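Asks: Before we start, here is the structure in question, set down as structure tokens.
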Amino acid sequence: MNRMSINRRASSSLLAFVAVAWAYAPATAQLPFAPGEGDRELVDRVVAVVGDSAIVMSQVTERLYALGQETLPTDSAALAELQREVLDALVSEQLLLRAAIQDTLITVDETRMDDIVDQELASRTQSMGGQTGLQRALTEQGFTLVSYREYLRSEARKQHLQQQYMARQAAVRRAVIVEESEMREFFETQRDGLPERPASITFANVVLAVEASDSAMQAAKAEAERILALVMQGEEFASLAERYSDDPGSKQTGGDLGWFRRGSGFVKEFEDAAYQLRPGQVSIPIETQFGYHLILVERIRGPERKARHILIRPEITPADLEQARDRAAEVRGRMDAGEAFEALQEEIGVGPIPDTATVAANQLSQLPPGYGAALQSAQAGDIVGPIEFGQADQTNFGLAKLVEVREAGIATFEDVKAEIQQVLSQQKMQDVILEELRASTYVEIRM
């Protein structure tokens, strides 16, 4: 895999990441290229063999057009180089696809694939000016709507399989080290293609949750123990979760949490308990900030666990809510009196929002209700709150200190350093994996 090919793919990944993070989404109306019948003999010659699969020239040509190469180089040497780069990418994709198919733990959610295709068709229809425009473009390129849908579905399925395979590999391999010099070199080569940095706000944050009384916690624990006794008597865990769990996100699916690994977003107490269980084993009631959990680990594969849980939340009374409101006002008073914000963060914690966050000005509405409006009207150094957000037994009181307001401008290295590190780390990991797959798979290049 040559340097140009690597840089182009890494650049594409970085720009895509930054585009999403900065709410920038360039539109595209590209359709795959379908060669005419007169070109079929030339275009569909086999140009590479990967294991027992062949890659034909029409796939190379199609990819060139999909990448926006409508005007190809007229110089034969330049065209050949570009074709070889595309072929190399197709070979790499086929290697990953073969490995993903052979991994029996990787599955495809077919309903999700249908949703992706529907969204893509809707986007293409809009970009073509409506259904008539799409039908005309498909006809010109030799597609029917049915065959084009199948094409999109096939591509989405391939991409999903490759992504799952890479994610599983990343979970069991050591992280790849990326030197700062590499990141700076990458930034210098790609900076002209970066979108403008949007206006943003950086703030520090403290969140106080409403705490249940001791008697309510004891009652919740007793209820969890009662349900555990039903499990021990042979009642189905999933059925009990549907009847008794207070977790709205998993209740309807019998407490199913799917596959996860450490660092997936569960609180430490929950993770520690889950990783001490064997398949089929149910935990005692585990106390977390949310209440008491019963955890059933169903399967284990390497560092991953597949589990269900039942959550019993303690009852929150109006008196508990008022006590939390008073405490938030007290903390605000300590801030106004000059107590260090960082010390209060360490004392109280930050809850569901990071201790320090930078948010694009056009994305403030994605913060909990009340945060966006309060921060938008504040000046650097101002403290806002308490801001009450959440519902019923999940009410929180947030206090935020506006650290910095930045106007829109040209992206600096520090603005995108984390994204560059992620892209290069993933690319290095992919290079290692592909090298291993090439060494263990028959690959023949015929172009």
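Asks: How about the stretch 327-360: which of its residues are modelled with pLDDT of 80 or more and under 22 Å from the mean Cα position of the chain (by Cα)?
Replies: Once the filter is applied, which keeps residues that are modelled with pLDDT of 80 or more and under 22 Å from the mean Cα position of the chain (by Cα), the stretch 327-360 yields 358, 359, 360.
Asks: Quick test for you: out of 365, 283, pick the one residue that is among the hydroxyl-bearing types (Ser, Thr, Tyr) and surrounded by fewer than 13 Cβ atoms within 10 Å (Cβ to Cβ).
Replies: 365 is the lone residue from the list that is among the hydroxyl-bearing types (Ser, Thr, Tyr) and surrounded by fewer than 13 Cβ atoms within 10 Å (Cβ to Cβ).
Asks: Every residue in the stretch 215-234 that is under 18 Å from residue 280 (Cα atoms), surrounded by 11 or more Cβ atoms within 10 Å (Cβ to Cβ) and without any contact (Cβ under 8 Å) to a residue 24 or more places away in the chain, please.
Replies: Selection gives 230 alone.
Asks: Within the stretch 222-277, track down each residue that is of a type in the set (A, V, I, L, M) and over 15 Å from residue 297 (Cβ atoms).
Replies: 222, 224, 227, 229, 230, 232, 240, 267
Asks: Cβ contacts < 6 Å: first residue more than 25 Å from residue 95 (Cα to Cα), restricted to the stretch 34-55; second residue modelled with pLDDT of 50 or more and not hydrophobic (A, V, I, L, M, F, W, C), any location; separation 6+ or different chain. Result?
Replies: Correct list of pairs: 35/58.
Asks: Just one of 134, 161, 138 is crowded, with 16+ Cβ neighbours inside 10 Å, over 25 Å from the mean Cα position of the chain (by Cα), in contact (Cβ under 8 Å) with a residue 60 or more places away in the chain and assigned by TED's automatic domain parsing to the domain that holds residue 433; which is it?
Replies: 138
Asks: Out of the residues in the stretch 55-86 that are closer than 17 Å to residue 162 by Cβ and in a helix (DSSP H, G or I), state the one that is modelled with the lowest pLDDT.
Replies: In this case the residue turns out to be 66.
Asks: Go through the stretch 235-275 and report how many residues are part of a loop (DSSP other than H, G, I, E, B) and surrounded by 12 or more Cβ atoms within 10 Å (Cβ to Cβ).
Replies: Adding up the residues that qualify gives 12.
Asks: Of all residues in the stretch 294-326, which are at pLDDT 90 or above, out of contact with any Pro (no Cβ under 8 Å at 6 or more places or on another chain) and buried (at least 16 other Cβ atoms within 10 Å of the Cβ)?
Replies: The answer is 295, 296, 306, 307, 308, 309, 310, 311, 313, 314.
Asks: Further question on the same structure: It is to be established whether one or more residues within the stretch 171-187 are closer than 30 Å to residue 300 by Cβ and either crowded, with 17+ Cβ neighbours inside 10 Å or of a type in the set (Lys, Arg) (or both).
Replies: yes
Asks: Which of the following residues is of a type outside the set (D, E, K, R) and in contact (Cβ under 8 Å) with a residue 40 or more places away in the chain: 260, 266?
Replies: Of 260, 266, the one residue that is of a type outside the set (D, E, K, R) and in contact (Cβ under 8 Å) with a residue 40 or more places away in the chain is 260.
The values are calculated or read from the model by the stated rules, or taken from the named source; none is laboratory data. Not measured: the values here are computed from a predicted model. As a convention, Cβ positions derive from the backbone with ideal geometry for all residues, glycine included, and neighbour counts pool all protein chains shown.
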